[in-house]
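A short worksheet on the structure shown next.
Values quoted throughout were computed directly from the atomic coordinates according to the rules given, and no laboratory measurement underlies them. Only a predicted model underlies this, so the values are computations on that prediction, with no experimental measurement involved. Backbone-built Cβ (ideal geometry, glycine too); neighbour counts: all protein chains shown.
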Amino acid sequence: MKHLSLPYDRGYLTAQLADGRLAAVLHPVPCIAQGSSEEAVRAALSDPVSSAPLAELSIGQRKVVITTSDHTRPIPSMMTIPLILSEIRRGNPSADITILVGMGTHRQPTNQELGAKFGEKIQGRERIVRHHGEDPAQVVAIGKLPSGFPLEINRLAAEADLLIAEGFINPHLFAGFSGGPKSILPGIASHMTVKRNHCGRNIGHPKARLGIVRGNPIHEEMEAAADLARLAFILNIVPGEGGGVSASFAGNWREAHAKGMKFVAEHVGVPVVKSMITVTSHGGYPLDQNLYQAVKGMVAAEATTIPGGYIILVAACTDGIGSDILQSLMAGMSSPAEFCQWCESIPPDDTRPDQWTAQILARILASFNVALVCESIPPGTKLLPGLTVAKSLQSALDEALEVAGPEAMVTVVPDGSRAMPIKDYSP
């Protein structure tokens, strides 16, 4: 018997698979740092890519804004933010610094969640502002994007003398990769700007896929947004195996991000091994806190599963669906294929928040049967046509094997948040 183990919340779920039924385990090359996480970040900050050091950039800049992601992203801000602050104040001790939490269209984090992200010292001492993209008082238009639509971002960032972003780089289900320009769009953009960028037509574009940036209308507009916002410097980390930082890239946002994307592709690119059944996860906590985020874990499995086959997703979803709007869209979904057509027909201005995740979920459900292994949702719950909740990983696997037949093989993608099934990568 083969022993399967997949990340789930803060632990793992396991199952047994008969010998001869395992096609492949698609595990990325372990990203292991040479030294500590802090050393990796310090090294990046001391030798930035195509940029002067942050301390030098900070000289004479009165208003400094540092954007960061919310509590659903694996950025060790408790360690990285103090290092960024130290560099800024080394160059400009009197700088007026704001830490701006980029929410995109996510819910607002609680004080407790921000405390867990930043630590008590930072939370109690620094100015931390939660971006709210639906508040007209918080956003301002700063120019036009290639689509012709205005770019609206947080007013604090727009008025900053120096705009800095921290983030992390992983494959992204429709933007190609996270990190870099995503700190601006969707991070600190207005909800209307995000909705136009994430419209059904763009999500349905054949190049709006995992690991693709060139020719991807979503990613290329994000790059334009970063230029318009005058993003001056980034610190992007690559999450390490089992936590921590495996690599860190700092400097000019475009050049540092390109270098980081190349590193990630070299480590997380895995061969495409097609099977009737794929078992995957979204990498455990904090990425699998809700279904909205966990959908992203299905995208790697989409590339490794034969159409008509079975995807088994392990995700804790302790925060439930994660979006009331996503839940209402899901409730009104008659058939996945029809829903995808409906999404692509909607004008960009009328895009519903979180529609993009529902559209990707529908795209997957139109071709595959999906079982969600989740202890927080009652077993047997049918969330959507083709999507059911299983009581355990073993029961979901046994059922899929029984229906698929004795010749069916199983591909395992232990961490669908990091694995990128590709043949070649070209940035």
- Query: Rounded, prolate or oblate: which fits region 37-267, taking a ≥ b ≥ c as square roots of the Cα gyration tensor eigenvalues, rounded meaning a/c under 1.5, else prolate when a/b beats b/c?
  - Reply: rounded
- Item | Cut-off under 5 Å, modelled amide H: who pairs with THR305 long-range | SER275
- Three principal axis lengths of region 115-159 [C-alpha, angstrom, descending]: 43, 19, 18
- DSSP-loop GluC sites (Glu not before Pro) across region 386-423, with at most 13 other Cβ within 10 angstrom: GLU407
- Message: Going by Cα centres, region 1-69 and region 341-404 are how many Å apart?
- Response: 27
- Message: I'd like the distance between the alpha-carbon centres of region 208-223 and region 91-170, rounded to an integer number of Å.
- Response: 23
- Message: Averaging over every viewing direction, what projected area does the convex hull of the Cα atoms of the chain cover, in nm²?
- Response: 19.1
- Message: Counting only other residues whose beta carbon sits under 13 Å from that of ALA226, what net charge do I get with K and R as +1, D and E as -1?
- Response: -2
- Query: Which percentage, to the nearest 5, of the DSSP beta bridges contained in the chain is antiparallel?
  - Reply: 35
- Query: Any idea what the dipole of the chain comes to, in debye rounded to 20, about its Cα centre with Lys/Arg Cβ at +1 and Asp/Glu Cβ at -1?
  - Reply: 440
- Task: Quickly rank 93-103, 7-17, 352-362 as a protection proxy: mean count of other C-beta atoms within 10 Å, highest first.
- Result: 352-362, 93-103, 7-17
- Query: Which of LEU57, GLY91, ILE81 sits closest to the plus end of the dipole of region 51-199, meaning its Cα is farthest towards the positive end, when Lys and Arg get +1 and Asp and Glu get -1 on the C-beta?
  - Reply: ILE81
- Value at 222 nm in deg cm²/dmol, rounded to 500, when DSSP H runs of n ≥ 4 in the chain each add -39,500 (n - 2.57): -9000 deg cm²/dmol
- Task: Would you please put 74-83, 245-254, 375-384, 294-303 in order of how densely packed they are, using the mean number of other Cβ atoms within 10 angstrom per residue and starting with the highest?
- Result: 294-303, 245-254, 74-83, 375-384
